[in-house]
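Report on one structure; see the data block that follows.
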Amino acid sequence: MQSGIEGKRIAALIGDGFEEAELGEPRRVLEEAGAIVTIVGIDDKAKTRIRAKRGLDDGQPAKAEEVVADCTAEDFDALLIPGGISPDRIRASREVQRFVKEFDTAKKPMFSIGHGAHVLISAQVARGRTLTGSPSISDDIRNAGALYRDQPTVQDGHWISTRGLGDMVLFNRAMLEKLSSSVTQPV
């Protein structure tokens with residue numbers, strides 16, 4: 001067990017088209033360390049089925065355990081935003097934007113993978129930050145007023161971002177280190 005992670009609650013925010021391994025890999029690592037990962041979807045339909053992608057193919061679908069409108073950052077210790085086309089599908093949701101802003105304001109750990117940075121951009125929390133993401137969205141990150149780094153992982157305060165699947169080993173390690181060092185604030 002990774003000390004300091006046992007019992008921490010992580011919200012995995014996904015929509016249709018999430019990259020299966022970008023949810024599955026961090027989730028497995030977090031759960032092995034004792035964290036509780038809750039899949040948060042954008043609507044009631046997500047409680048039935050959220051479509052996954054495995055590259056260009058269909059992946060194993062997931063089901064939301066919670067709907068974002070019913071959640072606040074106070075319910076969780078950290079936020080995970082897997083990539084794929086999911087971020088582009090959920091980024092315009094006002095509830096998603098509110099949820100992300102709450103995590104950022106509370107300075108709780110936020111983990112973004114690949115296209116997950118699109119959600120941070122739409123929540124208008126990226127300006128002045130340093131992050132990475134899928135190289136195909138580097139211009140989007142820069143245009144949002146953030147500094148893009150083409151590196152496996154980038155840590156900026158309570159944020160950890162990664163380019164994608166090829167960097168998961170380093171990302172997972174950074175994520176566990178951040179969670180084990182972050183102190184859960186009393187509610």
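The values are calculated or read from the model by the stated rules, or taken from the named source; none is laboratory data. Model, not experiment: these values are computed from the prediction. Using ideal geometry, Cβ is built from the backbone for each residue, glycine included, and neighbour counts are taken over all protein chains shown.
Points to keep in mind about this one:
- Across region 128-142, the qualifying residues are those that are among the β-branched types (V, I, T) and in contact with an Asp or Glu (Cβ under 7 Å, 6 or more places away or on another chain), and the one among them that is surrounded by the most Cβ atoms within 10 Å (Cβ to Cβ) is T132.
- Region 77-94 residues that are on the phi > 0 side of the Ramachandran plot, paired with ones that are assigned to a strand (DSSP E or B) (beta carbon under 6 Å, 6 or more apart): G84/F18; G84/E19; G84/K53
- Put simply, of V169, V100, V125, V154 the only residue that is surrounded by 15 or more Cβ atoms within 10 Å (Cβ to Cβ), on the phi < 0 side of the Ramachandran plot, in a helix (DSSP H, G or I) and not hydroxyl-bearing (S, T, Y) is V100.
- Filter result for A46 (of a type outside the set (D, E, K, R), touching a Cys at 6+ places or on another chain (Cβ under 7 Å) and modelled with pLDDT of 95 or more): no
- Single unsatisfied condition, L120 versus (1) free of Cβ contacts under 8 Å to residues at least 60 places away in the same chain; (2) surrounded by fewer than 24 Cβ atoms within 10 Å (Cβ to Cβ): (2)
- Members of region 107-122 found to be in contact with a Lys or Arg (Cβ under 7 Å, 6 or more places away or on another chain) and part of a loop (DSSP other than H, G, I, E, B), listed by number: P109
- G15 closer than 24 Å to I141 by Cβ and either of a type outside the set (D, E) or buried (at least 19 other Cβ atoms within 10 Å of the Cβ) (or both): yes
- Residue check for G145: in contact with a Lys or Arg (Cβ under 7 Å, 6 or more places away or on another chain) and surrounded by fewer than 17 Cβ atoms within 10 Å (Cβ to Cβ): yes
A quick yes/no check of all residues on (1) in contact with a helix residue (DSSP H, G or I) (Cβ under 9 Å, 6 or more places away or on another chain); (2) in contact (Cβ under 8 Å) with a residue 24 or more places away in the chain:
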| site | (1), (2) |
| --- | --- |
| R9 | yes, yes |
| E20 | no, yes |
| L30 | yes, yes |
| G34 | no, yes |
| T38 | yes, yes |
| I42 | yes, yes |
| K47 | no, no |
| I50 | yes, yes |
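- Any hit, region 60-77, residues being in contact with a Leu (Cβ under 9 Å, 6 or more places away or on another chain) and farther than 22 Å from V125 by Cβ: yes
- Filter pass, K108 being surrounded by 15 or more Cβ atoms within 10 Å (Cβ to Cβ), under 26 Å from E177 (Cα atoms) and at pLDDT 95 or above: yes
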